[in-house]
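In what follows, a single structure is set out as structure tokens and then discussed.
Every number in this text was worked out from the coordinates using simple rules, so none of it is lab data. Bear in mind the structure is a predicted one, so any value in this text is a computation, not a measurement. Every residue, glycine among them, receives a Cβ derived from its backbone with ideal geometry; neighbour counts consider all protein chains shown.
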Amino acid sequence: MLPEGWRRSTLGEIARITSGGTPDRSEPSYWGGDVPWVTTGEIQFNTITETAEKITAAGLKNSSAKLFSPGTLLMAMYGQGKTRGQVAKLGIEAATNQACAAIHLHDGCSPDFYFHFLSSQYTTIRELGNAGTQQNLSGGILKAVTVPVPPLEEQRRIASILATWDDAIAVAGALWAKRMEQARLVREMLIGTALKHARFPLAEVADVRTGLAMGKTGQRDVIEVPYLRVANVQDGRLDLREVKLIEVAREHVSRYALQAGDVLMTEGGDFDKLGRGTVWSGEIDPCLHQNHVFAVRPKLGRVLPGFIAAIAASDHGRSYFLSCAKRSTNLASINSTQLKALPIPLVPMAEQERIVAIVDAAMQVAHGTKEMVDRLVQEKAALMADLLTGKRRVHLEREGVAA
């Protein structure tokens, strides 16, 4: 139920929705001009002030591309991965390709308010595109999206409050990136020194264990056990906010169960996922790992888990993985044989302990900042849910949010 003064409408009633076009790629005179041209990959819940490609006035004239004014909202109607349904606001005059919906709001509607509202509806709107075989959005689908219409001044005030949170998230995100880079530089300096020692294949100092394949049928005495997916294994940390369960025969649990001290490493996916990993500390017991996540179990007295993780994450490790990975467009993967051959410098244990302690301290500072970013994002999401539905009203006569 909407609060007093608000009404319910549809996107098609409060806005005109169009799309763009692509000039002929085979005509050189249409490309490399001064007209910014947006593709769906550039729509990332952001304000667009620059584009990767530009077209000429001739390209604009001789195609279905159109110039859209600053403040126009853009939504990706289709695209790779998570692109479909993402929203952006134009900060410049620009054209777009045909996969971008351009939303021109009528008078009485704030672009900033509806940018936040449509962003908050990302998952719901994405699902609307799953009805057909193409899994795309369309102008017709978007026109039917239900939207609230608060008074204009209230729209502006809500947008202003949410923009303040965006600024805080951006500052915290920049700090996180800076601290991650500092931690990376510390690690590279230490690993660079370690690489002066003789190197041995990983298989000589650790066991590489493959994970559980999904979808097995016909198992007996089946139980449900938590298991880790690639999404749970981040670069230098774990994300255990969503740990799924898998059905497995009771007799197989011990074979695939993780042990504290295992180094979790991903087989690949996007290039940034190749070989990334961290040390498992027994956060969940028992816990298995799927076949796209390797568990590297160090041999006692030979190498520390944190040292293997640091080597794998270093430029040395990344270069090795990329040199032997199986590649396709934007994807890469390694197998257990390649992982077993990862060159590990045999550094005295005392020196390994020193390296691991310093790297861990630097990474903990960076991860603490990431946790702050995550908290801000979660708090903003909760605030959006209240403000954009009228559950919490804003004071228009003074600063602050009404309870």
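In terms of modelled amide H atoms, which long-range or inter-chain residues lie less than 5 Å from the amide H of Thr96?
It is Gly21, Val38, Lys66, by chain and number.
Taking the 0 to 90 degree range and rounding to the nearest ten, how far is the long axis of helix 349-387 tilted relative to the main principal axis of the chain, both from C-alpha atoms?
With rounding to tens, the tilt is 20 degrees.
So who's got an amide H within less than 5 Å of the one on Gly33, skipping anything under 5 residues away but keeping other chains? H placed 1.01 Å off N, in plane.
When sequence neighbours closer than 5 places are left aside, the close amide H contacts are Lys54, Ile55, Thr56.
Just how large is the dipole of region 90-236 about the Cα centre, in debye to the nearest 20, putting +1 at every Lys and Arg Cβ and -1 at every Asp and Glu Cβ? List each step's numbers first, then the result.
Values: 14 positive and 15 negative charges, 129 e Å.
Roughly 620 debye for region 90-236.
Ranking Met1, Met349 by Cβ neighbours within 10 Å, fewest first, what do you get?
Numbers: Met1 7, Met349 13.
Neighbour counts put them in this order, fewest first: Met1, Met349.
Taking the Cα-to-Cβ direction at Glu153 and at Lys340 and moving 7 Å from each Cα, how far apart do the two end points lie in nm?
Result for the modelled spin labels: 7.3 nm.
Going by C-beta contacts inside 10 Å, put Cys324, Cys109 in order with the fewest on the left.
Numbers: Cys324 14, Cys109 20.
By the 10 Å Cβ count, ascending: Cys324, Cys109.
Quick one: Karplus J couplings for region 21-32, per residue in order, coefficients 6.51, -1.76, 1.60, θ = phi - 60°, nearest Hz, x for Gly and Pro?
x, 10, x, 4, 5, 7, 9, x, 6, 8, 10, x
Between region 257-290 and region 16-34, what's the alpha-carbon centroid distance in Å?
Region 257-290 and region 16-34 have Cα centres spaced 45 Å from each other.
Let me have the 222 nm mean residue ellipticity of the chain computed from DSSP H runs of 4+ only, each contributing -39500 (n - 2.57), with the sum over all residues rounded to the nearest 500.
-11000 deg cm²/dmol
Short version: ³J(HN,Hα) in whole Hz for each residue of region 336-342, in order, from phi by Karplus 6.51 cos²θ - 1.76 cosθ + 1.60 (θ = phi - 60°), x for Gly and Pro, what are they?
5, 5, 5, 5, 4, 8, 3
So what's the convex hull volume per residue for the Cα atoms of the chain, in Å³?
Details: hull volume 79.4 nm³, N = 403.
Spelled out: Cα convex hull of the chain, divided by residues, is 197 Å³.
Along region 191-207, what does the Karplus equation 6.51 cos²θ - 1.76 cosθ + 1.60 (θ = phi - 60°) give for ³J(HN,Hα), rounded to whole Hz, x for Gly and Pro?
Whole-Hz 3J(HN,Hα) from phi for region 191-207: 5, x, 5, 5, 5, 6, 7, 4, 10, 10, x, 3, 4, 7, 10, 7, 9.
Treating the angle as unsigned and between 0 and 90°, give the value, to the nearest 10°, between the Cα long axis of helix 111-120 and the longest Cα principal axis of the chain.
Taking Cα atoms only, the helix is inclined about 40 degrees.
Under 5 Å between amide hydrogens, which residues at least 5 positions from Ile344 or on another chain qualify, with H placed 1.01 Å from N in the peptide plane?
HN-HN under 5 Å from Ile344: Phe200, Leu202.
For Tyr227, Tyr78, which order do you get if you count the other beta carbons within 10 Å of each Cβ and list the fewest first? It would help to have the intermediate numbers written out before the result.
Details: Tyr227 24, Tyr78 17.
Exposure proxy ranking, most exposed first: Tyr78, Tyr227.
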